[in-house]
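> Here it is, the structure, as structure tokens.
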Amino acid sequence: GAVVSQHPSWVICKSGTSVKIECRSLDFQATTMFWYRQFPKQSLMLMATSNEGSKATYEQGVEKDKFLINHASLTLSTLTVTSAHPEDSSFYICSARGDKSNTGELFFGEGSRLTVL
Amino acid sequence: AQRVTQPEKLLSVFKGAPVELKCNYSYSGSPELFWYVQYSRQRLQLLLRHISRESIKGFTADLNKGETSFHLKKPFAQEEDSAMYYCALGRGSARQLTFGSGTQLTVLP
């Protein structure tokens, strides 16, 4: 199947700094990418839907100024956690779909673990 | 609002025994249901989707709109089936996924 890669897989930062996480579709063009957040022993919570070349659509309760999403190309979406605080520590996962009909399979990245000290 | 419920966090069965992972949903629109699996130290991957009506690795799931359920079943569990299983509901024009809380299946030898 298609491959989605995230980088970095693990990042530790100081409180107040900003952290960028990349999500790349390696062998297909991702028309739509999704960002999720997963707390320990909990489910994946959708944060936002990202379409190439347009603004991301955020889920209710997700601060768009806190979690900046950019989908500048068909193979790359980035999530920037601005002014990170310890409560932002979590596992962030992206997924991508290559078909414009939105019926195709979603492929998931391996996740990025953020720890804010 | 949409919701996916997986009542069992943990489920253990012996090898060769039947297994059923429960999933119930609530959604006002026409539901599209999926099962995703995450093996140890691996990424989430699609196991099956209700519209395909197929059997993958011996697993099947039938959408029951009357009971709003999409339970995952396998008649004879194997040790390699041990993993985390998530039921998910697709919604909206972009088919965003709402996940259940997951069930950790352990198949004992």
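Just so you know, all these numbers are worked out from the coordinates, no wet-lab data involved. Keep in mind that what you see is a predicted model, and the values were worked out from it rather than measured. Cβ sites come from the backbone with ideal geometry, for glycine too, and all protein chains shown count toward neighbours.
> Across chain A, where is the longest run that never hits trypsin sites (Lys or Arg not before Pro) in a DSSP loop with at most 11 other C-beta atoms within 10 Å?
Between the exposed loop sites, the longest stretch runs A:42-99.
> Taking the Cα centre of the protein assembly as shown as origin, work out the dipole magnitude from +1 charges on Lys and Arg Cβ and -1 charges on Asp and Glu Cβ, in debye rounded to 20.
Roughly 140 debye, rounded to the nearest 20.
> When Lys and Arg each count +1 and Asp and Glu each count -1, what net charge do the other residues less than 13 Å away from residue B:101, Cβ to Cβ, add up to?
+3
> Nothing charged except the Cβ atoms of Lys and Arg (+1) and of Asp and Glu (-1): what's the magnitude of the dipole of chain B about its Cα centre? Round to the nearest 20 debye.
Dipole magnitude for chain B comes out near 260 debye.
> Relative to the present Cα-Cα distance, how much length would full extension add between residue A:9 and residue A:39 at 0.36 nm per residue of separation?
Result: 9.2 nm gained on full extension.
> With the dipole of the protein assembly as shown worked out from charges on the C-beta (+1 for Lys and Arg, -1 for Asp and Glu) around the Cα centre, which of A:5, A:38, B:109 lies farthest toward the positive end?
Sorting the options by dipole projection puts first A:38.
> Give me B:106, A:57 sorted ascending by neighbouring Cβ count inside 10 Å, so fewest comes first.
Going from sparsest to densest Cβ surroundings: B:106, A:57.
> Can I ask one more? Expressed as a whole percent, how much of the Cα-Cα distance distribution for chain A exceeds 23 Å? Kindly include the intermediate steps, with their values, before the conclusion.
Details: 1532 of 6786 pairs.
Beyond 23 Å sits 23 percent of the P(r) for chain A.
> While we're here: Label residue B:60 and residue A:29 with points 7 Å out from Cα along Cα→Cβ: what is the distance between them in nm?
4.0 nm
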